[in-house]
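Asks: Questions regarding the structure given below will be posed in turn.
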Amino acid sequence: MASTKLTRTPSGAGNKKTFTWSGWVKRSGLGAIQGLFTVDTGSGESAFGFLADDTLRLYLNIASNYPTIVTNAVFRDTSAWYHIAFAVDTTQSTEADRVKIYVNGSQVTSFSSASYPTQNADTDFNTTNPHEIGFYSNQTGGAGYFDGQLAHVHFTDGYAYAASSFGSTATNGQWVPNLNPSVTYGTNGYFLKFTNASDLGEDFSGNNNDYTKSGSGDKVLDNPENVFATLNSTLPISATATYTNGNLSFVGTSYRSPRSTLGISTGKFYFEMLRTSTADDVHVGIATDTETGLDTWVGSTSAGYIYAGNDGQKYNNGSGSSYGATFTTNDIIGVAVDMDAGTLKFYKNNADQGTAFTGLSGTVFPVTSGGGAVTLNFGQDSSFAGGKTAQNNADGNGEGDFYYTPPSGFLALCSDNLSSELTLPIGKGSSFMNTITYTGSGATRSLTGVGFQPDWTWIKERNSAVSHRIFDSVRGATKRIFPNSADAESTQSNALTSFDSDGFSLGDGGSVNGSSDTYVAWNWRAGGSSSSNTDGSVTSSVSVNTTSGFSVVTWTAASGAYTVGHGLGTTPAMVISKGRDIATNWWTWHQAFGDPASAGGYVALNTNSAKATAANSIWGTQGLSSTLFGFDASTSQGQTHVGYFFAEKEGYSKFGSYEANNSTNGPFIYTGFKPAWVILKCSGSTGNWFLFDNTRDNSNMVTQAIYVDLAAAENTESNGIDFLSNGIKLRQSGSGGFNHSGTYIFMAFAENPFVDSSGIPVTAR
């Protein structure tokens with residue numbers, strides 16, 4: 001609704017001291033002033049909405065007093081919905097109680113500026129001046145419109161409600177709408193559902209306080225309970241690129257290639273593209289990653305599989321071959337992606353062009369490419385933002401709104417359908433990996449709140465330069481290793497003393513429990529007590545959780561090349577290993593390095609060194625499999641080792657790489673889940689290991705970094721990262737960071753999968 005607003009002028013004044021506004025918001029455009037709710041007095045205004053830095057601001061025009069509240073947090077997620085509310089009650093004696101802002105059920109308490117109305121002050125809200133939804137009137141040249149979508153908008157006249165009146169926390173921890181809240185609306189109150197296309201501002205509260213639409217915005221199916229894919233405007237395309245119509249329309253130059261916000265790894269999905277101009281060539285298809293070829297036509301890369309409008313050919317990796325008919329302005333191209341069979345086919349105006357590609361695997365993303373203008377439909381709007389007359393054809397599940405009926409068995413790309421097609425190992429990331437913070441007491445104590453009995457606990461003092469400590473249940477609770485050091489394992493009887501049912505116990509050791517010092521503890525759940533594993537050429541002791549893809553393994557090195565059984569039942573994506581008896585580096589392999597036996601790539605967790613090649617002197621010649629991992633003990637025969645093995649699990653963990661661009665508009669890393677914890681490391685050159693989590697930073701931008709390879713205290717990065725509903729957006733430029741130049745590796749764990757097993761989509765962060 002980038003050029004649309006809803007307006008109502010109350011016939012009489014309501015309660016100007018006490019009221020609540022609540023709405024669900026899906027953002028499209030970022031980086032501009034955008035109003036959510038405004039009162040225009042003609043000589044001033046009161047407004048609630050986003051500032052150009054993507055913070056939220058409430059501005060009140062009260063007798064030239066101008067109380068203003070601006071959040072520290074930024075809100076830059078374009079993949080999912082936010083629930084945003086504010087409640088005003090100027091009768092409260094406590095200043096901070098007069099205005100409360102809520103995001104996703106939680107009250108915001110951190111502000112860059114906060115000034116409150118005087119007690120019993122009257123505001124502009126609920127006066128007889130025009131009230132506007134989706135617009136900030138104090139902007140010129142068409143600016144000030146909200147660029148995105150709205151759902152479930154409530155206003156209560158005379159009642160200040162908390163967010164809990166309009167939503168609740170689901171079993172997976174996600175904030176979800178209360179579709180029929182028990183609230184009193186008052187005289188000027190309303191409930192806008194936006195379900196009536198002919199009367200978009202219809203009031204469902206019973207008050208008949210309808211709003212009048214102006215502009216071209218319309219009803220779409222995308223909503224907080226069923227989130228549809230759009231184009232991902234956070235991908236860093238370097239040339240001019242314009243996204244409109246809720247990030248469904250795209251105009252690019254020089255053959256830019258935007259991808260969708262949602263990826264597909266299993267199931268059958270269908271989407272449509274309307275070509276809206278003849279300018280330059282237009283292509284459509286899929287890409288196997290979110291990065292390769294963004295600044296060129298994606299068919300020229302190995303990641304792209306596309307159908308070209310100018311010549312009707314299909315292209316992959318720059319190689320074209322005869323395929324189908326050409327297409328031009330006003331043609332609709334249907335795209336059918338079958339990831340169960342690994343095939344891709346296209347339709348021109350519903351005419352089947354035949355199977356274009358076979359053998360597809362992994363995660364793929366709908367993509368358009370070229371220099372022309374297009375509008376896509378993933379099932380939310382068959383009118384293509386008014387470019388066509390809506391046809392309202394649903395898929396076989398009754399989901400979506402398509403111009404043409406999708407082929408049999410093919411579905412709209414939305415969260416309702418993803419939940420039925422994806423097989424996810426977990427419903428909540430914190431069931432297997434969880435972070436807690438605490439303040440040291442200097443006395444023996446037990447810490448709870450982890451949510452499970454951990455098998456691996458990693459503790460770091462935040463306020464001082466003190467070495468990290470890693471403890472695990474296989475080596476024994478009192479055995480410590482320092483991930484920032486090559487030092488051998490040692491015993492500390494007054495540090496971590498036991499792993500408990502909901503956390504762990506600590507002694508009075510100052511390294512993990514110093515009085516008034518602050519700490520963070522990252523905890524992983526393996527399989528509890530270890531068992532003997534004879535899959536390898538040496539016997540190992542293994543505690544494993546195959547659901548989450550994590551195992552703790554100990555063994556004694558044999559002579560020369562040998563193998564170790566890791567117990568995962570699937571091929572590892574990352575291995576961190578350490579000799580326990582002597583000072584030696586933390587040898588670390590990542591799947592981005594290729595087969596360890598043939599490529600031999602490694603980095604050291606305890607150093608900032610670039611990736612090196614060991615020529616089989618670390619990983620040996622045995623490689624890896626679903627049961628084994630190969631090592632070489634030419635210099636460590638008879639010594640004991642520990643390894644932490646990780647397998648990638650959809651919706652829970654991701655192990656990948658990215659190319660830095662040295663820009664605050666950095667790469668977007670697709671994970672398929674809302675991250676809770678991430679490590680980043682430059683592998684192409686020297687650079688620190690950066691660790692972020694959403695417990696130390698519970699809102700964007702996430703800036704509190706811990707350097708894994710250093711004992712240094714927690715550091716605030718000048719620009720950090722955004723944890724988004726579907727991945728990670730890097731916001732840093734400059735040397736020495738995590739987005740300078742070259743190739744980086746990452747390891748990430750989920751707060752929640754984008755859609756859990758019950759079909760509940762995440763809310764934006």
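The values are calculated or read from the model by the stated rules, or taken from the named source; none is laboratory data. In this text the structure is predicted, and so the values were computed from the model without any measurement. All Cβ positions, even for glycine, are placed from backbone atoms using ideal geometry, and neighbour counts span all protein chains on display.
Asks: With respect to Thr20, is the statement that it is touching a residue at least 12 places away in the same chain (Cβ under 8 Å), assigned by TED's automatic domain parsing to the domain that holds Val103 and closer than 18 Å to Arg765 by Cβ true? Outline the logic, then answer.
Replies: On the way: touching a residue at least 12 places away in the same chain (Cβ under 8 Å): yes; assigned by TED's automatic domain parsing to the domain that holds Val103: yes; closer than 18 Å to Arg765 by Cβ: no.
Spelling it out, it is not the case that Thr20 is touching a residue at least 12 places away in the same chain (Cβ under 8 Å), assigned by TED's automatic domain parsing to the domain that holds Val103 and closer than 18 Å to Arg765 by Cβ.
Asks: Filter the stretch 1-56 down to the residues that are among the aliphatic types (A, V, I, L, M) and part of a loop (DSSP other than H, G, I, E, B), then identify the one that is nearest to Ile84 (Cα to Cα). Talk me through it step by step, then tell me what you get.
Replies: Restricting attention to the stretch 1-56, the residues satisfying the condition of being among the aliphatic types (A, V, I, L, M) are 1-2, 6, 13, 25, 30, 32-33, 36, 39, 47, 51-52, 56.
Checking which are part of a loop (DSSP other than H, G, I, E, B) leaves us with 1-2, 13, 30, 32-33, 51-52.
Numbers: Met1: 17, Ala2: 19, Ala13: 25, Leu30: 16, Ala32: 18, Ile33: 16, Leu51: 15, Ala52: 17 Å.
Only one residue fits best here, namely Leu51.
Asks: Related question: Which of the following residues is crowded, with 18+ Cβ neighbours inside 10 Å and touching a residue at least 24 places away in the same chain (Cβ under 8 Å): Thr78, Thr91, Thr118?
Replies: When all the criteria are applied, what remains is Thr78.
Asks: Take the conditions touching a residue at least 24 places away in the same chain (Cβ under 8 Å), closer than 30 Å to Ser420 by Cα and within 24 Å of the chain's Cα centre (by Cα) and apply them to Glu272. Does it pass? Outline the logic, then answer.
Replies: Working: touching a residue at least 24 places away in the same chain (Cβ under 8 Å): yes; closer than 30 Å to Ser420 by Cα: yes; within 24 Å of the chain's Cα centre (by Cα): no.
No.
Asks: Run Lys5 past the list (1) among the basic types (Lys, Arg); (2) more than 24 Å from Thr230 (Cβ to Cβ); (3) more than 28 Å from the chain's Cα centre (by Cα) and report the number of the one that doesn't hold.
Replies: Condition (2) is where Lys5 drops out.
Asks: Could you list, in sequence order, all residues of the stretch 644-701 that are charged (D, E, K, R), touching a strand residue (DSSP E or B) at 6+ places or on another chain (Cβ under 7 Å) and part of a loop (DSSP other than H, G, I, E, B)? Quick ask: steps written out before the conclusion?
Replies: Taking the stretch 644-701 first, the residues charged (D, E, K, R) are 648-650, 654, 659, 674, 681, 693, 696-697.
Still in the list and also touching a strand residue (DSSP E or B) at 6+ places or on another chain (Cβ under 7 Å): 648, 654, 659, 674, 681, 693, 696-697.
Those that are charged (D, E, K, R), touching a strand residue (DSSP E or B) at 6+ places or on another chain (Cβ under 7 Å) and part of a loop (DSSP other than H, G, I, E, B): Glu648, Arg696, Asp697.
Asks: Moving on. Just checking, how many residues over the stretch 624-643 are touching a strand residue (DSSP E or B) at 6+ places or on another chain (Cβ under 7 Å) and either more than 27 Å from Asp487 (Cα to Cα) or in a strand (DSSP E or B) (or both)?
Replies: 11
Asks: Name the one entry in Pro454, Pro407 that is crowded, with 23+ Cβ neighbours inside 10 Å and in a loop (DSSP other than H, G, I, E, B).
Replies: Pro454
Asks: Same structure, new question: Just checking, does the stretch 55-68 include any residue being within 21 Å of Asn698 (Cβ to Cβ) and of a type in the set (D, E, K, R)?
Replies: Within the stretch 55-68, one or more residues are within 21 Å of Asn698 (Cβ to Cβ) and of a type in the set (D, E, K, R).
Asks: State all residues of the stretch 7-16 that are in contact with a strand residue (DSSP E or B) (Cβ under 7 Å, 6 or more places away or on another chain) and over 21 Å from Asp199 (Cβ atoms); if no residue qualifies, say none.
Replies: Gly14, Asn15, listed by residue number.
Asks: I'm checking my understanding of the structure. Among residues of the stretch 125-136 that are crowded, with 18+ Cβ neighbours inside 10 Å and of a type in the set (Ser, Thr, Tyr), which one is modelled with the highest pLDDT?
Replies: Within the stretch 125-136, the match that is modelled with the highest pLDDT is Thr127.
Asks: Could you please give the count of residues in the stretch 546-570 that are within 30 Å of the chain's Cα centre (by Cα) and small (Gly, Ala, Ser)?
Replies: Qualifying residue count, the stretch 546-570: 5.
Asks: Which one is modelled with the highest pLDDT among residues in the stretch 617-648 that are over 24 Å from Thr570 (Cβ atoms) and surrounded by fewer than 21 Cβ atoms within 10 Å (Cβ to Cβ)? So that I can check it myself, show each step before the final result.
Replies: Filtering the stretch 617-648 down to residues over 24 Å from Thr570 (Cβ atoms) leaves 617, 633-640.
If we keep only those that are surrounded by fewer than 21 Cβ atoms within 10 Å (Cβ to Cβ) too, we end up with 617, 634-640.
On the way: Ser617: 85, Ser634: 67, Thr635: 59, Ser636: 76, Gln637: 77, Gly638: 85, Gln639: 92, Thr640: 96.
It comes out as Thr640.
Asks: Being out of contact with any Asp or Glu (no Cβ under 6 Å at 6 or more places or on another chain), crowded, with 21+ Cβ neighbours inside 10 Å, modelled with pLDDT under 95 and of a type outside the set (A, V, I, L, M) narrows it down to one of Gly672, Gly727, so name that one.
Replies: Gly672
Asks: Looking at the stretch 593-608, is at least one residue more than 31 Å from the chain's Cα centre (by Cα), crowded, with 23+ Cβ neighbours inside 10 Å and outside any loop (DSSP other than H, G, I, E, B)?
Replies: The answer is no; no qualifying residue exists.
Asks: A further question follows. Mind counting the residues in the stretch 162-174 that are modelled with pLDDT of 95 or more and either crowded, with 23+ Cβ neighbours inside 10 Å or in contact with a Lys or Arg (Cβ under 9 Å, 6 or more places away or on another chain) (or both)?
Replies: Selection size over the stretch 162-174: 4.
Asks: If I filter the stretch 394-440 down to residues being of a type in the set (A, V, I, L, M) and at pLDDT 95 or above, which single residue comes out as nearest to Trp524 (Cα to Cα)? Break it down into steps so the answer makes sense when it comes.
Replies: First, pick out the residues of the stretch 394-440 that are of a type in the set (A, V, I, L, M): 394, 411-413, 418, 422, 424, 426, 433, 436.
Now restrict to residues that are at pLDDT 95 or above: 394, 411-413, 433, 436.
Numbers: Ala394: 43, Leu411: 36, Ala412: 36, Leu413: 33, Met433: 5, Ile436: 12 Å.
That would be Met433.
Asks: Taking the condition within 28 Å of the chain's Cα centre (by Cα), free of Cβ contacts under 8 Å to residues at least 40 places away in the same chain and within 25 Å of Ala239 (Cβ to Cβ), does Thr343 pass?
Replies: no
Asks: Ok, one more. Could you figure out which of (1) under 33 Å from the mean Cα position of the chain (by Cα); (2) aromatic (Phe, Trp, Tyr); (3) modelled with pLDDT under 95 isn't true of Trp586?
Replies: (3)
Asks: Exactly one of these conditions fails for Gly651: (1) crowded, with 20+ Cβ neighbours inside 10 Å; (2) within 21 Å of the chain's Cα centre (by Cα); (3) at pLDDT 95 or above. Give me its number.
Replies: (3)
Asks: Go through the stretch 242-283 residue by residue and tally those that are over 17 Å from Leu30 (Cβ atoms) and not in a strand (DSSP E or B).
Replies: 15
Asks: Next question, about the same structure. Going by what's in this entry, would Thr68 be described as surrounded by fewer than 21 Cβ atoms within 10 Å (Cβ to Cβ) and under 28 Å from Gln174 (Cβ atoms)? So that I can check it myself, show each step before the final result.
Replies: On the way: surrounded by fewer than 21 Cβ atoms within 10 Å (Cβ to Cβ): yes; under 28 Å from Gln174 (Cβ atoms): no.
No; evaluated as a whole, the condition is false for this residue.
Asks: Additional query: Would you confirm whether any residue within the stretch 325-341 is surrounded by fewer than 16 Cβ atoms within 10 Å (Cβ to Cβ), in the same structural domain as Gly252 (by TED's automatic domain parsing), at pLDDT 95 or above and within 29 Å of Thr743 (Cβ to Cβ)?
Replies: Within the stretch 325-341 (the criterion being surrounded by fewer than 16 Cβ atoms within 10 Å (Cβ to Cβ), in the same structural domain as Gly252 (by TED's automatic domain parsing), at pLDDT 95 or above and within 29 Å of Thr743 (Cβ to Cβ)), the answer is no, since none of the residues qualifies.
Asks: Could you check the stretch 469-486 and list, in sequence order, the residues that are β-branched (Val, Ile, Thr) and within 29 Å of the chain's Cα centre (by Cα)?
Replies: Matches in the stretch 469-486: Ile470 only.
Asks: Next up: For the stretch 347-372, how many residues meet the condition of being buried (at least 21 other Cβ atoms within 10 Å of the Cβ) and either outside any loop (DSSP other than H, G, I, E, B) or not assigned by TED's automatic domain parsing to the domain that holds Asp331 (or both)?
Replies: 9
Asks: Of the residues Ala197, Ala229, Ala241, which is of a type in the set (A, V, I, L, M), buried (at least 17 other Cβ atoms within 10 Å of the Cβ) and free of Cβ contacts under 8 Å to residues at least 60 places away in the same chain?
Replies: Being of a type in the set (A, V, I, L, M), buried (at least 17 other Cβ atoms within 10 Å of the Cβ) and free of Cβ contacts under 8 Å to residues at least 60 places away in the same chain holds for just one of Ala197, Ala229, Ala241, which is Ala241.
Asks: Additional query: Report the residue count in the stretch 146-178 for those that are more than 25 Å from the chain's Cα centre (by Cα), among the hydrophobic types (A, V, I, L, M, F, W, C) and not in a strand (DSSP E or B).
Replies: Adding up the residues that qualify gives 2.
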